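Right, one structure below, let's go through it.
The values are calculated or read from the model by the stated rules, or taken from the named source; none is laboratory data. Being a predicted model, the structure only gives us computed values, none of them experimental. Reconstructed Cβ throughout: ideal geometry from the backbone, glycine too, with neighbour counts over all protein chains shown. Just so you know, the surface numbers come from the protein's heavy atoms only, side chains and all, with ligands and any DNA or RNA stripped out. Shrake-Rupley method; radii C 1.70, N 1.55, O 1.52, S 1.80 Å.
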Amino acid sequence: MTRRKKILTAAGVSVAVVLIVFVTVLAVYSAWQNKTVHITAYTVEHEDIPKAFDGKRIVHLTDLHNKDYGGELQELVAAQNPDIIVITGDWIGMMDEDLTPAKEQVRPLVDIAPVYFVPGNHERYSERWPQMQEYLTACGVTVMENIALNWEQDGQAIQLIGVFDSEFGYHLHTKLAPLVQEEMFSLLLYHRPERFPQAAELGVDLLLCGHTHGGQIRLPWIGAIFAPDQGWFPKYDVGRFEMDGSTMLVGQGLGESVYFRILTPPEIVVVTLKTTT
């Protein structure tokens, strides 16, 4: 073997070793990280937020996928002192036979604050969604399927809107347009972030959603690799987005769908409202 070939071989081995070590460290770190629920806090300021809602706190949960946290989830949510709790879908898995974990994770939440639930794509495709919906209603959760309600405080109100999941943009337009009241601050609960432009166009002030799991697999300096319905290197992966006076907050979610989370730990989102008037 020539000297040049020896150098190239040694370099190849070194690169392979570095990659193996990198992947191993990443996997171990992610395994540890995925056992810890992270709290992500946002403040949303808007002139249409009534003074009675200044400082009000919303806990946003999404994409549990029937995962069992025992009593940890209830404790973490209670520690945030929410005024309301919202769940934006995929609380169950579409193929799950036993919904006990999903039921046990949601039941204690109603003892903390009013809970509002909008279904996601897994609820839409699950044969057991009617059973889960009945359970949610029975334990005091408000299921939001293409309806708008007023969240009232001291004679003032914020509009809460929930639209059932659909992959079709025209569905959101059809269902949402008649519900939005422009004179009120509007909070939309909807599972998919890729419809943010349509929601902004219709005058929604704040959109809370999930669906992406933060990409579920993220790489350092690169971010999310893939997200359902957005494809490779998604635009709306996780976090805060602004458009035409509207704000969208995308949660990473709490569970797994098909594969392992990498650098996208389970997350509880806490939103504090602030008026600018």
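Ligands, DNA and RNA left out, the 1.4 Å accessible surface of the stretch 66-125 is 46% carbon and sulfur atoms. Here the Gaussian network model covers the chain, with springs between Cα atoms less than 10 Å apart; of Gly239, Gly120, Gly231, Gly231 fluctuates the most. Modelled label positions at Lys274 and Ala78, each set 7 Å beyond Cα in the direction of Cβ, lie 2.9 nm from each other. Only the Cβ atoms of Lys and Arg (+1) and of Asp and Glu (-1) were treated as charged; on that basis the dipole of the stretch 31-110 about its Cα centre amounts to roughly 220 debye. Between Glu167 and Asp54, the modelled label-to-label distance comes to 4.6 nm, taking each label 7 Å out from Cα in the direction of the beta carbon. Placing a pseudo-label 7 Å from each Cα along the Cα-to-Cβ vector at Thr174 and Asp68 gives an inter-label distance of 4.0 nm. So, with a 1.4 angstrom probe, what is the percent of accessible area on the stretch 187-252 that is carbon and sulfur? Here carbon and sulfur together make up 58 percent of the probe-accessible area. Only the Cβ atoms of Lys and Arg (+1) and of Asp and Glu (-1) were treated as charged; on that basis the dipole of the chain about its Cα centre amounts to roughly 1820 debye. The angle between the Cα long axis of helix 129-138 and the main principal axis of the chain comes to about 50°, on a 0 to 90 degree scale. By how many degrees, 0 to 90 and rounded to 10, does the Cα axis of helix 3-33 deviate from the longest principal axis of the chain? Once rounded, one gets 30 degrees.
Think of the stretch 93-150 as a dipole: +1 on every Lys or Arg Cβ, -1 on every Asp or Glu Cβ, centred on the Cα centre; then among Cys139, Leu99, Tyr125, Cys139 lies furthest on the positive end. Mean residue ellipticity, 222 nm, helices only, the chain: the sum of -39500 (n - 2.57) across DSSP H runs of n ≥ 4, divided by residue count and rounded to 500, is -8000 deg cm²/dmol.
Computed packing ranks the peptides 87-96, 157-166, 171-180 as 87-96, 157-166, 171-180, most packed first, by mean other Cβ atoms within 10 Å.
At a probe radius of 1.4 angstrom, the accessible area of the chain per residue rounds to 47 square angstrom.
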